[in-house]
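> Please find one structure pasted underneath; my questions will follow.
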Amino acid sequence: MKYKELFTPVQIGTLTIKNRFAMAPMGPLGLEDSEGGWNQRGIDYYTERAKGGTGLIITGVTFSDQKVEKQDAYVIPNSTYRPVHFVRTSKEMTERVHAYGSKIFLQMSGGFGRVTIPTNVGEIPPVAPSAIPHRWLDKICRAITKEEIRSIVKSFGDGAYNAMRGGFDGVQIHAVHEGYLLDQFAISMFNHRKDEYGGSLENRLRFAREVVEEIKGRCGRDFPVTLRFSLKSMIKDWRVGALPGEEFEEMGRDVEEGLEAARLLESYGYDALDTDVGTYDAWWWNHPPMYQEKGLYRSYCAKVKKAVKIPVFCAGRMDDPDMALEAIQNQECDVIVRCV
Ligand SMILES: Cc1cc2nc3c(=O)[nH]c(=O)nc-3n(C[C@H](O)[C@H](O)[C@H](O)COP(=O)(O)O)c2cc1C
């Protein structure tokens, strides 16, 4: 009875999740087949989590774009590569997940940009909002064109539509978080554009806005579109991150701008914000090792929760049921996200 609030339902738009637990998105390497769909191992893996009682499963990140930042479809599932195949294997998975009363969202990537993993960029200069240094390589990224932005946005609509046909209950957009391509657009340090995608915060969030509008246009207003969102970047300088407890001047997104971004993203139609802090320049925040304190995103989630009406998800070493209960009771967040 003590923990009963953790087992109360929560609404994401019109969708009801049976309890307050979500499985954290974790890169689905090894769960895909050679045609960009889910393999049997992937289907069984997510079904086991549903069997365990998780209210919401968020898949690891998947791709929809095949032109701008070409990823091998046999490394990570791709929702547009072979649509019929993707829909069929997704259905096999989502039907089994639904049989246990769980819901499942497909996490969809907007691309890596300046944080591409060195092994998958080859000789081609990576793209970014502007000509800025790559995170690891001694390369300057190529500024992405407006046509390429449009192409990625369209692929989100196609991919989300395939996800819906495959029985997914919603999607999570990856991400105005961790310094991925959509986040690079949002952060002025990385975005020096002079067109309508650069300058004001509204302009820098235009790409993320077009993504949610495209998906809602294709899948209907009630299809949940959630967002992975980092309230604060924790960047001291290019490739230099802040340590826990350190006083520093934020070069990325600070809390004030993050809260304004959260309000704008809600107004654009996002149905929930899966909130953390950090970037690839300060990776120990987004992927907290054991020396980070438990519940390290709680205070940041609480700020976002006060700024918006949509549900806030909170990951980050939330592996203590008493702490999880306290976070829900204190209205710091609505959903507890766990890597399980
Ligand atoms: C192996 C692994 C893979 C991950 N892959 C993703 C991913 O694909 N998308 C994403 O948004 N977060 C990803 N994350 C971050 C987690 O979703 C989560 O936010 C983070 O691990 C903090 O929660 P924790 O302290 O409970 O691990 C990954 C984490 C791990 C451990």
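The values are calculated or read from the model by the stated rules, or taken from the named source; none is laboratory data. These numbers were taken from a predicted model, which means no experiment stands behind them. With ideal geometry, Cβ positions are generated from the backbone for all residues, glycine too; neighbour counts draw on all protein chains shown.
> In this structure, is Arg338 in contact with a Pro (Cβ under 6 Å, 6 or more places away or on another chain), within 16 Å of the ligand (Cβ to nearest atom) and not aromatic (Phe, Trp, Tyr)?
no
> Pairs please, first residue from the stretch 26-49 and touching a residue at least 60 places away in the same chain (Cβ under 8 Å), second anywhere and surrounded by 14 or more Cβ atoms within 10 Å (Cβ to Cβ), Cβ atoms under 6 Å, 6+ apart in sequence or on different chains.
Filtered contacts from the stretch 26-49: Met26/Gly60; Arg49/Met23; Arg49/Ile57.
> So which residues in the stretch 328-340 are within 21 Å of the chain's Cα centre (by Cα) and modelled with pLDDT of 95 or more?
The answer is Glu332, Cys333, Asp334, Val335, Ile336, Val337, Arg338.
Yes or no, residue by residue, for (1) surrounded by fewer than 24 Cβ atoms within 10 Å (Cβ to Cβ); (2) of a type in the set (Asp, Glu); (3) on the phi < 0 side of the Ramachandran plot; (4) in contact with a Gly (Cβ under 9 Å, 6 or more places away or on another chain):
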| residue | (1), (2), (3), (4) |
| --- | --- |
| Pro125 | yes, no, yes, no |
| Asp158 | yes, yes, yes, no |
| Phe168 | no, no, yes, no |
| Phe190 | no, no, yes, yes |
| Glu202 | yes, yes, yes, no |
| Val225 | no, no, yes, yes |
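> Can you pull out every residue in the stretch 260-281 that is within 17 Å of the chain's Cα centre (by Cα) and of a type in the set (Gly, Ala, Ser)?
Ala261, Ala262, Gly269, Ala272, Gly278, listed by residue number.
> Consider only pairs whose beta carbons are under 6 Å apart and that are at least six residues apart or on different chains; among these, list those whose first residue lies in the stretch 318-329 and is under 14 Å from Thr8 (Cα atoms) and whose second residue is β-branched (Val, Ile, Thr).
Cβ pairs passing all conditions: Ala324/Ile336.
> Look through the stretch 154-188, keep the residues that are under 19 Å from Asp222 (Cα atoms) and among the hydrophobic types (A, V, I, L, M, F, W, C), and return whichever of them is nearest to the ligand (Cβ to nearest atom).
So the residue we want is Ile173.
> Which of (1) closer than 23 Å to Leu201 by Cα; (2) buried (at least 24 other Cβ atoms within 10 Å of the Cβ); (3) within 16 Å of the ligand (Cβ to nearest atom) does Arg253 not meet, given it meets every other one?
Unmet condition: (3).
> Further question: For the subset of the stretch 293-320 comprising residues that are assigned to a helix (DSSP H, G or I) and within 14 Å of the ligand (Cβ to nearest atom), which member is nearest to Leu227 (Cα to Cα)?
Looking at the filtered set, the residue picked out is Cys301.
> Scan the stretch 321-340 residue by residue and report those that are assigned to a strand (DSSP E or B) and either out of contact with any Gly (no Cβ under 9 Å at 6 or more places or on another chain) or among the small types (Gly, Ala, Ser) (or both).
Correct list: Ile336, Arg338.
> Count, please, the residues in the stretch 124-151 that happen to be out of contact with any Lys or Arg (no Cβ under 8 Å at 6 or more places or on another chain), closer than 24 Å to Arg82 by Cβ and outside any loop (DSSP other than H, G, I, E, B).
Total satisfying the criteria: 1.
> Going residue by residue through the stretch 312-323, is there one that turns out to be among the β-branched types (Val, Ile, Thr) and within 23 Å of Gly27 (Cα to Cα)?
So far as the stretch 312-323 goes, yes, one or more of its residues are among the β-branched types (Val, Ile, Thr) and within 23 Å of Gly27 (Cα to Cα).
> Output the qualifying pairs, or none if there are none: Cβ atoms under 6 angstrom, residues six or more apart or on different chains, first residue in the stretch 249-274 and within 16 Å of Tyr297 (Cα to Cα) and in a helix (DSSP H, G or I), second residue among the β-branched types (Val, Ile, Thr) and away from the ligand (no atom under 16 Å from the Cβ).
From the stretch 249-274, the pairs are Ala262/Val308.
> Kindly indicate the residue of the stretch 24-73 that is within 16 Å of the ligand (Cβ to nearest atom) and of a type in the set (S, T, N, Q) and also surrounded by the fewest Cβ atoms within 10 Å (Cβ to Cβ) among those meeting that condition.
Here the residue is Gln71.
> State the number of residues belonging to the stretch 301-320 that are under 17 Å from Lys18 (Cβ atoms) and not aromatic (Phe, Trp, Tyr).
1
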